[in-house]
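Following: one structure in structure tokens, then a few remarks.
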Amino acid sequence: DKDFIRFTATQSGPLSVHVTTETGALASLQIEDNAGRKVLETQPNNGIHSAIGNLVAGRTYFVRLRSTTNNAAAYEARLLFGSGEAFADDDAPLGSATPVRFNQNGLATFTGTSKNHDDKLYFAFTAPTTGAVNVNITFTNRRPSRLKVEDRTGTTLFETQPNDGVNSGSFAVREGTVYFIRVRAVGDAPASFRVQLQLVG
């Protein structure tokens, strides 16, 4: 038994989802576009009840919800579009933020290269559980990058200080909430980086 919802995106940008199972079996959610390309998917059997993906204005999307077993699943699904006021001081919008997904062990890793101090790279994730996230950034070409984490309201939750040797830390997260990460080079030369996020309960 599958429940389907269809909608057309009026704007481009990030969409976050969070599924809560009220009674019965766990429910999974998947979104595809009209070409059959998967945009996001929860994995409740692995403890992943949240996901984030990017929408394109004018494109039609299909939401599928179904029980993970043969038993009925009573669920509540929350879909939240947009980036709020995070990094509102930046020139670039967050609609192109790269989605970050945690694996079943609560670990997420992503890499990139910022060409210079003005080249800002954006990433976003939805917290699958309430707790904290340990974050660590390493510099793969030995040129430092600065990392900053904000919530949807633009509140700074964590920021590295590479010039002072502070390249790791932690911040609190709430289940189903979207968080945004910005990384950029400290200097004028390209800086390659690797970021690791670890959920802790």
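Only one of the numbered conditions (1) over 13 Å from the mean Cα position of the chain (by Cα); (2) charged (D, E, K, R); (3) open to solvent by 40 Å² or more (accessible area, probe 1.4 Å) is not met by ASP119, and that is (3). Kindly indicate whether SER192 is closer than 28 Å to VAL17 by Cα and either open to solvent by 10 Å² or more (accessible area, probe 1.4 Å) or hydrophobic (A, V, I, L, M, F, W, C) (or both). Judged against the criteria, SER192 is not a match. Just one of (1) assigned to a loop (DSSP other than H, G, I, E, B); (2) in contact with a strand residue (DSSP E or B) (Cβ under 7 Å, 6 or more places away or on another chain); (3) modelled with pLDDT of 85 or more fails for ARG64. It is (1).
Conditions (1) more than 20 Å from ARG174 (Cα to Cα); (2) open to solvent by less than 60 Å² (accessible area, probe 1.4 Å); (3) β-branched (Val, Ile, Thr), marked per residue:
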| residue | (1), (2), (3) |
| --- | --- |
| ARG6 | yes, no, no |
| SER16 | no, yes, no |
| ALA35 | yes, no, no |
| LYS38 | yes, no, no |
| HIS49 | no, yes, no |
| TYR61 | yes, yes, no |
| THR68 | yes, yes, yes |
| ALA72 | yes, no, no |
| TYR75 | no, no, no |
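Once the range 130-161 is narrowed to residues that are open to solvent by 60 Å² or more (accessible area, probe 1.4 Å) and either touching a Pro at 6+ places or on another chain (Cβ under 7 Å) or outside any strand (DSSP E or B) (or both), the residue that is farthest from PHE180 (Cα to Cα) is ARG142.
The values are calculated or read from the model by the stated rules, or taken from the named source; none is laboratory data. Source: prediction; values computed, not measured. Cβ sites come from the backbone with ideal geometry, for glycine too, and all protein chains shown count toward neighbours. SASA here: full protein model, heavy atoms, side chains in, ligands and nucleic acids out. Shrake-Rupley method; radii C 1.70, N 1.55, O 1.52, S 1.80 Å.
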